[in-house]
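Peer 1: Right, I'll just put the structure down here and ask away after.
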Amino acid sequence: MAQNPVAVITGGASGIGQALAVEYARAGVDTVVGYFPGDPHDPHHTEEQVRAAGGSVRMLPADVRSSADCEALVTAAVGHYGRLDCVVANAGILRRTALADMSDERWDELLSVDLGGVMRVFRSAVPHLSAGSSLLAVSSITGGVFGASERSHYAAAKAGVVGLVRGLAVELGPRGIRVNALLPGLVETPQSLDATNSAGAETLARLAEGVPLRRTAQPEEIARVARFLTSPDASYITGTDIRVDGGITVV
Ligand code: NAD
């Protein structure tokens, strides 16, 4: 069995997932990183950065809409490293859609990735977890705290993630398994820089003027909190949702 703790991350070819894989490498946590098979970003970039940081990683194609793919991520962690200590359900999509255009397909696709994907990878992991391990879901401030036009399905999914986390914290707490949600604000990643479905660079810069800290976040700033929440340093934190948003939700 590996000495280092082992983490599974979903959606790790870019953005927060990629930054977290590197953050884990620096902290001596080995990883299995899933990447969406259709992702335009080369997953090898994550692998290279993790190795450069001195870490051990296995990259696997994994669509979180597939139970088998989620199972394969967990099997890879347990099979290769012999243990599993934490799972970060990070994969997510944002597709700008007004209610009038909200086809069943659009709704189902987003809910299946952003909410169903969290449940599926957690469900696969839990039989392999022991006391002291933890689950973390990347929700959003657009999930229970904040409203955003033409993102109602995203808000519903991300709020659903917070509910899922609270329920599982109660269910799994007696086994010593912690379950939390992270709610990022405006983070510079491919998702938020996509002007078609999200803010785009210009709008992001304008929105940043309304953030008390007067700037957007870098993915590494979210990754550091994710690493903390899944580490033994957060041993008494469960069932909570932590905003990492530069204060935007309090103005
Ligand atoms: P990102 O687009 O870089 O990362 C999302 C990742 O999810 C991508 O690598 C993508 O390929 C992957 N993905 C998409 N569909 C998938 C699927 N079916 N199966 C597996 N992976 C899939 O953007 P990000 O900002 O790093 O997003 C990470 C998480 O943070 C998401 O859940 C997102 O909703 C959330 N979030 C982001 C922001 C922000 O401002 N960027 C704010 C709040 C929450």
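Peer 1: Distance between Cα centroids, region 60-106 to region 170-230: provide it in whole Å.
Peer 2: 18
Peer 1: Could you calculate the FRET efficiency of SER235 with GLN3 from 1/(1 + (r/R0)^6), where r is the beta carbon distance between them and R0 is 22 Å, rounded to 0.05?
Peer 2: So the FRET efficiency works out to roughly 0.65.
Peer 1: Let me ask you something else. If Lys and Arg each add +1 and Asp and Glu each add -1, what is the summed charge of the other residues whose beta carbon sits under 14 Å from the beta carbon of VAL50?
Peer 2: So the surrounding residues net to -2.
Peer 1: Which ³J(HN,Hα) values, rounded to whole Hz and listed in residue order, are derived for region 121-132 from phi using the Karplus coefficients 6.51, -1.76 and 1.60 in 6.51 cos²θ - 1.76 cosθ + 1.60 with θ = phi - 60°, glycine and proline given as x?
Peer 2: Result, ordered by residue: 6, 5, 4, 5, 6, 3, x, 9, 8, 10, 4, x Hz.
Peer 1: Another question about this same structure. Could you work out which residue, out of ALA72, ALA89, ALA52, moves most in a Gaussian network model of the chain, that is, has the largest mean-square fluctuation with Cα springs under 10 Å?
Peer 2: Of ALA72, ALA89, ALA52, the Gaussian network model singles out ALA52 as fluctuating most.
Peer 1: Under the √(5λ) rule applied to the eigenvalues of the Cα gyration tensor, what semi-axes describe the equivalent ellipsoid of region 6-250? Give them in Å, descending.
Peer 2: Value: 26, 19, 19 Å, ordered largest first.
Peer 1: Related question: Calculate the spin-label point distance for SER130 paired with PHE228, positioning each point 7 Å from the Cα along the beta-carbon direction, and give it in nanometres.
Peer 2: Spacing of the two 7 Å Cα→Cβ label points: 2.8 nm.
Peer 1: Considering the chain as a Gaussian network with a 10 Å cut-off on Cα pairs, which listed residue, ILE16, ILE177, ILE93, attains the greatest mean-square fluctuation?
Peer 2: For the chain, modelled as a Gaussian network with Cα springs under 10 Å, the answer is ILE93.
Peer 1: Compute the distance in nm between two label points, each set 7 Å from the Cα along the Cα-to-Cβ direction, one at ARG175 and one at ARG215.
Peer 2: With each label placed 7 Å out from Cα toward Cβ, I get 4.1 nm.
Computed from the coordinates by the stated procedures, all read-outs in this text should not be read as laboratory data. Note that the coordinates shown come from a computational prediction; the quantities given were computed from them, not determined experimentally. Positions of Cβ are backbone-derived with ideal geometry, glycine not excepted, and every protein chain shown enters the neighbour counts.
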